[in-house]
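All remarks here apply to the structure that follows.
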Amino acid sequence: MFKVIIAIGADHGGFILKQPIIDFLKKRNIEVMDFGTFDDQSSVDYPDYVQKVCKAIIKKDADTGILLCGTGIGVSIAANKYPGIRAALCTNVDMGRLSGQHNNANVITLGGRLMDAETAVSIVSAWLDTPFDNSEHSRHKRRVGMIDELDKRYINQEIKQTKTGGCQTMQRVFEFDHPLIQHKISLLRDKNTGTKEFRELVSEIAMLMAYEVTRDLPLMDVDVETPMGIAHSKVIAGKKLGFVPILRAGLGMVDGMLRLLPMAKVGHIGLYRDPQTLEPVEYYCKLPVDANERDMVVLDPMLATGGSASAAIGFLKDRGISSIKLVCLIAAKAGIERINKDHPDVDIYCAAIDEVLNDHAYIVPGLGDAGDRLFGTK
């Protein structure tokens with residue numbers, strides 16, 4: 001059962017096993033995406049590391065994953081909340097072998113307080129070396145297929161629930177609560193904020209949001225020579241990014257993003273909303289040549305009905321782009337529901353969520369027409 005790329009994550013309780021496992025994997029010429037934690041000196045929350053590993057697998061940045069905590073139980077429970085993840089808690093070599101052969105586990109979980117590094121490496125080895133019983137009449141193949149069907153039912157049910165539920169039940173939505181972002185959003189909403197200040201605020205908020213949007217970027221080990229010696233450090237593992245503002249209002253967010261990520265490439269999608277049907281109409285699309293090799297971030301300050309953003313994401317997928325995020329300043333629940341329904345694989349990042357749209361499909365209370373306020377055309 002050969003793995004090309006394995007994502008690994010650990011909390012402080014599982015940290016002791018992480019480096020021996022990474023060393024073992026590298027000896028087998030397996031690429032490792034290390035999502036941390038990077039020391040055991042402070043208590044951290046294992047769901048954060050579970051999310052990074054599982055998202056890497058769901059997005060196909062990694063083939064499989066290894067999760068580590070004190071007992072392996074917590075990370076196993078958390079990982080199995082993610083669609084498409086089959087996480088198996090293993091405490092001995094036989095469990096490692098059977099998790100591959102019988103369950104086709106794409107994640108194994110281990111406990112740093114329950115085993116030593118040698119045992120952990122042996123379990124990982126057994127998991128890697130045991131192929132899934134994928135034969136035509138395999139009972140294990142049938143049962144894993146039944147698990148996959150449960151995943152599909154759950155996803156569909158969850159999407160339906162978002163139509164009546166609050167944003168807390170919606171899939172893949174991240175609302176920022178950082179004080180600086182909330183403060184600047186309040187200034188942005190103010191009708192007395194002029195064009196110059198409005199434009200600066202949009203750029204500043206976008207820059208602050210970029211920090212969290214890129215939280216799941218993979219890291220790799222490097223040795224850096226300092227004036228005092230060699231530091232064993234981390235750098236971003238060569239992941240390529242791209243920004244795609246939806247014209248015209250999305251342009252206001254580009255400079256802020258590029259301040260933190262100056263090497264990212266920028267594409268553009270031109271859409272306008274038909275005033276009668278309220279549906280998006282494309283008039284321009286220009287993307288980087290290697291866009292399908294990049295994580296593409298769609299930028300649109302206002303997610304109202306979700307029609308334009310959904311169409312833009314669809315255009316990207318039509319061009320072979322599979323790793324997509326959507327970043328907006330203010331989102332309406334209706335827009336979030338639309339993206340969740342049309343593109344359940346796309347994460348939505350927003351600084352604020354408002355309740356309703358008016359008869360003209362503007363977000364209320366919102367901030368008005370972002371494009372007009374950015375460019376002084378109101």
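The values are calculated or read from the model by the stated rules, or taken from the named source; none is laboratory data. Source: prediction; values computed, not measured. In this analysis, Cβ positions are derived from the backbone assuming ideal geometry, glycine residues included, and neighbour counts consider all displayed protein chains. Just the protein is used for accessible areas: all its heavy atoms, side chains included, with ligands, DNA and RNA removed. Shrake-Rupley method; radii C 1.70, N 1.55, O 1.52, S 1.80 Å.
Please return the ranges of strands (runs of 3 or more DSSP E) entirely within the range 279-366 where 3 or more residues are closer than 26 Å to Lys184 by Cα. Result: 295-299, 324-332, 347-354. The residue list Gly368, Gly335, Gly314 contains one member that is closer than 29 Å to Asn192 by Cβ and surrounded by fewer than 20 Cβ atoms within 10 Å (Cβ to Cβ), which is Gly368. Applying the condition of being over 14 Å from Pro47 (Cβ atoms), under 26 Å from the mean Cα position of the chain (by Cα) and small (Gly, Ala, Ser) to the range 73-99 and asking which residue is most open to solvent (accessible area, probe 1.4 Å) yields Gly84. Among the residues of the range 217-234, is there at least one that is part of a loop (DSSP other than H, G, I, E, B), at pLDDT below 85, over 30 Å from Tyr283 (Cα atoms) and out of contact with any His (no Cβ under 7 Å at 6 or more places or on another chain)? Yes, the range 217-234 contains at least one residue that is part of a loop (DSSP other than H, G, I, E, B), at pLDDT below 85, over 30 Å from Tyr283 (Cα atoms) and out of contact with any His (no Cβ under 7 Å at 6 or more places or on another chain).
Restricting attention to the range 347-363, which residues are open to solvent by less than 60 Å² (accessible area, probe 1.4 Å), of a type in the set (A, V, I, L, M, F, W, C) and touching a strand residue (DSSP E or B) at 6+ places or on another chain (Cβ under 7 Å)?
Taking the range 347-363 and keeping what is open to solvent by less than 60 Å² (accessible area, probe 1.4 Å), we get 347-354, 357, 361, 363.
Imposing the further condition that a residue be of a type in the set (A, V, I, L, M, F, W, C) reduces the set to 348, 350-353, 357, 361, 363.
Across the range 347-363, the qualifying residues are Ile348, Cys350, Ala351, Ala352, Ile353, Leu357, Ile363.
Determine whether Asp11 is at pLDDT below 90 and either hydrophobic (A, V, I, L, M, F, W, C) or within 22 Å of the chain's Cα centre (by Cα) (or both). No; evaluated as a whole, the condition is false for this residue.
Among the residues of the range 191-209, those identified as of a type in the set (D, E, K, R) and open to solvent by 70 Å² or more (accessible area, probe 1.4 Å) are Lys191, Lys196, Glu197, Arg199, Glu200. Any residue at all in the range 60-74 that is within 15 Å of Leu110 (Cβ to Cβ), modelled with pLDDT of 90 or more, of a type outside the set (A, V, I, L, M) and out of contact with any Gly (no Cβ under 9 Å at 6 or more places or on another chain)? Yes: the range 60-74 contains one or more residues that are within 15 Å of Leu110 (Cβ to Cβ), modelled with pLDDT of 90 or more, of a type outside the set (A, V, I, L, M) and out of contact with any Gly (no Cβ under 9 Å at 6 or more places or on another chain). Just one of (1) under 30 Å from Ile6 (Cα atoms); (2) at pLDDT below 90; (3) outside any strand (DSSP E or B) fails for Met257. It is (2).
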